[in-house]
Amino acid sequence: MKLQQLRYIWEVARHDLNVSATAQSLYTSQPGVSKQIRLLEDELGVEVFARSGKHLTHITPAGEKIIALAGEVLNQTQNIKRVASEFSDERKGSLDIATTHTQARYALPKVINQFIEGYPEVSLHMHQGTPMQIAEMANDGVVDFAIATEALELFGNLVMLPCYTWNRSVVVPKNHPLASLSELTLESLAAYPIVTYVFGFTGRSQLDEAFQEAELEPNVVFTAADSDVIKTYVRLGLGVGIVASMAYDESLDSDLVALDASHLFADSCTKIGIRSNTFIRGYMYKFIESFAPHLTKDLVVAAMEAPNRQEVEQLFDGIELPRH
């Protein structure tokens, strides 16, 4: 059994059983991948993948368990490399972060700029996607951290560290009727077409819950994953926008008015998700603390060593999170 073979079956599963795409991502040949998988199956005496002719159709029950263990082995080999790197040169390495557009555009630039200045020899890579996609990346060990508001809790293998709370603003043109109201209400919002985030994205669940509890049916006419796209369509007159308050820039969005909606919706909490049993290098702790100053190394270590999520949550009892 070779590490290469374990990586092949792990990557094939991650690429939805597409051997060609797997070979391309690993810079190798499709026949080579197929051959190594067959050799591994012959050695183990079980099939990892069921087949129809030359095509893989699904993962076998034995394969599900084998692939899960292969992922753990690959994760530990990565940890071994990180341990060695930490002792050989603590200021060199790489850091992969997966996050959403709102975090990448509005919450992270200053942190990343400071990090690059402090660690010029660390290669920093940012991956953007939906909350589900980035949570999967962290869960599968493709990235070191996932930074998001939604979906992280769906993956039991992720340790979630709360970073900050935030709420929403309604953005409208300056001459819009909502801009002249003394107090914004859900009823007044429901009277207009709404442009907001895609379901499952950037705190969308709290928005939907607020309307449901008020027994109102919002007229959501357009959704997007990108706050800037939402504001663009507000400018075109498609509807009123509901975005994270941090996504309103007074200088860049001076043609729009931001109406505070924090009294209408429950706060959302942005978290960092880290795969359990991950070896965190020194500069990674620095990045976390720069993004969320209350997340000191000692607190992160305690969270990573906690046996379950309930105990992780107890670590943060009484800690007042920053607000964006």
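Once you have the alpha carbon radius of gyration of the range 3-84, what is it after dividing by 2.2 N^0.38 Å, with N set to its residue count? Kindly include the intermediate steps, with their values, before the conclusion.
On the way: Rg = 12.6 Å, N = 82, 2.2 N^0.38 = 11.7 Å.
That ratio works out to 1.08.
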Given a 1.4 angstrom probe, I'd like the percentage of the accessible area of the chain that is carbon and sulfur, rounded to a whole number. 51 percent
Let me check the size of the range 168-260 from its C-alpha atoms; what are the radius of gyration and Dmax in Å? 12.1, 37
Just the number please: accessible area per residue for the range 156-290, 1.4 Å probe, all protein chains included, in Å². 41 Å²
Which helices, taking whole DSSP H runs in the chain, have alpha carbons extending 20 angstrom or more along the helix axis plus mean Kyte-Doolittle at least -0.5? 61-88
If the viscosity is 0.692 mPa s and the temperature 37 °C, what Stokes-Einstein diffusion coefficient in µm²/s follows for the range 117-274 when Rh is the Kirkwood radius over Cα pairs? 195 µm²/s
Pair E187, S25: separation of 7 Å Cα→Cβ label points (nm): 5.2 nm
Once Lys and Arg get +1 and Asp and Glu get -1 on their Cβ, which of I194, T232, A258 lies farthest toward the positive end of the dipole of the range 168-260? T232
Under 13 Å Cα-Cα from K271, which aspartates and glutamates qualify once same-chain neighbours fewer than 8 residues away are excluded? E150, E153, E289, E313
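Before I look further, what does the range 3-84 give for accessible area per residue, probe 1.4 Å, in whole square angstrom? Display every interim value, and only then the final one.
On the way: 4750 Å² over 82 residues.
So the range 3-84 comes to 58 Å² accessible per residue, rounded to a whole number.
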Cα centre as origin, Lys/Arg/Asp/Glu Cβ charges: the range 168-260 dipole, Debye: 280 debye
Can you give the helix-only mean residue ellipticity at 222 nm for the chain, where every DSSP H stretch with n ≥ 4 adds -39500 (n - 2.57) and the sum goes over all residues, rounded to the nearest 500 deg cm²/dmol? -12000 deg cm²/dmol
Scan [x] 35, 21, 18; [y] 35, 25, 19; [z] 41, 25, 18 for the value of semi-axes √(5λ) of the Cα gyration tensor in Å calculated from this model and give just the label. [z]
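Taking a 31 Å limit on the Cα-Cα distance, which of the listed pairs K81/K297; K35/K65; K231/K297; K92/K231; K54/K81; K231/K286 fall beyond it? Show your work: numbers first, answer last.
Details: K81/K297 21 Å; K35/K65 21 Å; K231/K297 38 Å; K92/K231 39 Å; K54/K81 36 Å; K231/K286 34 Å.
Table pairs above 31 Å Cα-Cα are K231/K297; K92/K231; K54/K81; K231/K286.
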Charge dipole magnitude, Cβ of K and R +1, D and E -1 - the chain, Cα centre, debye nearest 20: 1220 debye
So which chymotrypsin sites (Phe, Trp or Tyr not before Pro) in the range 148-201 pass both tests, a DSSP loop state and at most 15 other Cβ atoms within 10 Å of the Cβ? F199
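The values are calculated or read from the model by the stated rules, or taken from the named source; none is laboratory data. Bear in mind the structure is a predicted one, so any value in this text is a computation, not a measurement. Backbone-built Cβ (ideal geometry, glycine too); neighbour counts: all protein chains shown. Just so you know, the surface numbers come from the protein's heavy atoms only, side chains and all, with ligands and any DNA or RNA stripped out. Shrake-Rupley method; radii C 1.70, N 1.55, O 1.52, S 1.80 Å.
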